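The values are calculated or read from the model by the stated rules, or taken from the named source; none is laboratory data. For clarity, every value in this text was computed on a predicted model and none was experimentally measured. Reconstructed Cβ throughout: ideal geometry from the backbone, glycine too, with neighbour counts over all protein chains shown.
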Amino acid sequence: MSAGAGPQPGPSPGDQSAVVATPRGAQPGGDEPLVQVRDLVKHFPITRGIVVQRKIGAVKAVDGVSFDVQRGETLGIVGETGCGKSTTARLMMRLLDASGGEVRFEGREITRLKGAPLKAVRREMQMIFQDPYSSLNPRKTVGSIIGEPFAIHGLEQGRGERKRAVGELMERVGLNPEHYNRYPHEFSGGQRQRIGVARALALKPKLLIADEPVSALDVSIQAQVLNLLREMQRELGLTLIFIAHDLSVVRHMCDRVAVMYLGKIVEIGPGDALYGSPRHPYTGALLSAVPLVDPSASRGRRPTLAGDVPSPANPPSGCRFHTRCPKAQERCSAQEPSLEETGTGTRAACHYPLTPLEVAEIGVRSAR
């Protein structure tokens, strides 16, 4: 792996240096990354008062995240609920304004764009939301929902042309075009998610962000939606950012994986390297919790995480994971680690990374 091109922030404690790898089927070197995220920050203010509100703190949802996404690759983002995965996605899509840092799309800084320039960029970036029902307008038919991107961007102006384009999209994602005039509540959960996929693909974007697109679906439907995303990626040459809790799904879908904890990336690297030889104790704990196919198989000694996830409004000093880490020492509470090469192909933010013996003891390899 190599650092992505573009402006690089100076070294500092907790520096989230970007890590890139050549995706499957892509040519090494050459073009710059499609997306470059540098020191991205989002703090939500905590206020007190009714008439006169004053700020008394902030929820540090995303606190200095950096990574690159190469054209055509799939980057997975995993972590516990509240770690900042979805907020990061919304910042990249400009659904939220960043408190600091920058996002570059095709080399262009987009965090401060407004009006027509922002609208043009959004045509190239689309998002699939987690809840396949609340993300669809219940008062609109499926045809108008899928065709709305055409109306917003002035495409397929004729009524017949738009209806034909929407019908083709519905057929492509496995929906019956004859259901054009039905409403979202008349579809199953899997079908509603397919509607969301069709809407996201309408403008043929270059970047697709899938925010836990299958977490609300039955297992059998999950496989169908995942296979649909892979097929669309191959056909359209999409670059995909895939956010999920299920590590097995992430391994199936993603070229690279970034692990987040309390608003920061703690480990990032190619999927095979991260799953086979995790170096951050948090990554090891996540992987050791994956259910085994054979219940009688021996996993070995599982790492125990003490306590609950700290509040993002008052994160621990130093390494944010040290309050739950079985390997924590005094240095961990005083000094924030930076992402550094581990020798296994990943980069981890840990003063005392897992050794090969510890990886073998927790049975990560057997979790494959």
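Give the range 313-353 a look and list any residue that's among the basic types (Lys, Arg) and either closer than 14 Å to residue 261 by Cα or surrounded by 22 or more Cβ atoms within 10 Å (Cβ to Cβ) (or both), or say none.
320, 324, 347
For the range 93-123, a residue qualifies if it is closer than 24 Å to residue 204 by Cβ, within 18 Å of the chain's Cα centre (by Cα) and touching a residue at least 60 places away in the same chain (Cβ under 8 Å), and the qualifying residues are 93, 103, 104, 105.
Taking the range 354-364 on its own, how many of its residues are under 17 Å from residue 257 (Cα atoms) and either hydroxyl-bearing (Ser, Thr, Tyr) or not in a loop (DSSP other than H, G, I, E, B) (or both)? Spell out how you get there, then give the answer.
Narrowing the range 354-364 to residues under 17 Å from residue 257 (Cα atoms): 364.
Still in the running and either hydroxyl-bearing (Ser, Thr, Tyr) or not in a loop (DSSP other than H, G, I, E, B) (or both): none.
Total satisfying the criteria: 0.
Examine the range 235-246 for a residue that is part of a helix (DSSP H, G or I) and crowded, with 19+ Cβ neighbours inside 10 Å, and state whether such a residue exists. Scanning the range 235-246, I find no residue that is part of a helix (DSSP H, G or I) and crowded, with 19+ Cβ neighbours inside 10 Å, so the answer is no. Counting only residues that are part of a loop (DSSP other than H, G, I, E, B), among the small types (Gly, Ala, Ser) and within 17 Å of residue 132 (Cα to Cα), the range 147-200 holds 2 of them. If I filter the range 66-73 for residues that are surrounded by fewer than 18 Cβ atoms within 10 Å (Cβ to Cβ) and β-branched (Val, Ile, Thr), do I get at least one hit? No, there is no match, as no residue in the range 66-73 is surrounded by fewer than 18 Cβ atoms within 10 Å (Cβ to Cβ) and β-branched (Val, Ile, Thr). Picking from residues in the range 116-141 that are among the aliphatic types (A, V, I, L, M) and in a helix (DSSP H, G or I), the one that is farthest from residue 190 (Cα to Cα) is 116. Of the residues screened, residue 113 is not one that is assigned to a loop (DSSP other than H, G, I, E, B) and either more than 25 Å from residue 68 (Cβ to Cβ) or touching a Pro at 6+ places or on another chain (Cβ under 8 Å) (or both). Taking residue 142 as the residue in question, decide whether it is more than 13 Å from residue 201 (Cβ to Cβ), surrounded by 14 or more Cβ atoms within 10 Å (Cβ to Cβ) and aliphatic (A, V, I, L, M). Spelling it out, residue 142 is indeed more than 13 Å from residue 201 (Cβ to Cβ), surrounded by 14 or more Cβ atoms within 10 Å (Cβ to Cβ) and aliphatic (A, V, I, L, M). Annotation note: Cβ proximity below 7 Å between a residue of the range 247-259 that is within 9 Å of residue 270 (Cα to Cα) and a residue that is buried (at least 22 other Cβ atoms within 10 Å of the Cβ) and acidic (Asp, Glu) (sequence gap 6+ or interchain) occurs for 255/73; 256/73.
Residue count for the range 114-145, restricted to those that are over 26 Å from residue 233 (Cβ atoms) and among the aliphatic types (A, V, I, L, M): 1. Restricting the range 112-139 to residues that are buried (at least 18 other Cβ atoms within 10 Å of the Cβ) and among the polar types (S, T, N, Q) leaves a set whose member that is nearest to residue 213 (Cα to Cα) is 130. Quickly run through the range 151-209 and pick out the residues that are at positive phi, of a type in the set (D, E, K, R) and surrounded by fewer than 13 Cβ atoms within 10 Å (Cβ to Cβ). Within the range 151-209, 204 is the sole residue that qualifies. Given the criteria of a type in the set (A, V, I, L, M, F, W, C) and modelled with pLDDT of 90 or more, does residue 266 qualify? Answer is yes for this residue. Test residue 79 against the criterion of being crowded, with 18+ Cβ neighbours inside 10 Å, in contact with a helix residue (DSSP H, G or I) (Cβ under 6 Å, 6 or more places away or on another chain) and modelled with pLDDT under 95, and give yes or no. Judged against the criteria, residue 79 is a match. For residue 234, state whether it is basic (Lys, Arg) and under 26 Å from residue 320 (Cα atoms). In short, no.
Taking residues in the range 150-172 that are closer than 15 Å to residue 200 by Cα and in contact (Cβ under 8 Å) with a residue 40 or more places away in the chain, and partners anywhere that are part of a helix (DSSP H, G or I) and among the charged types (D, E, K, R), the pairs with Cβ atoms closer than 8 Å and at least 6 places apart or on different chains are 150/162; 153/119.
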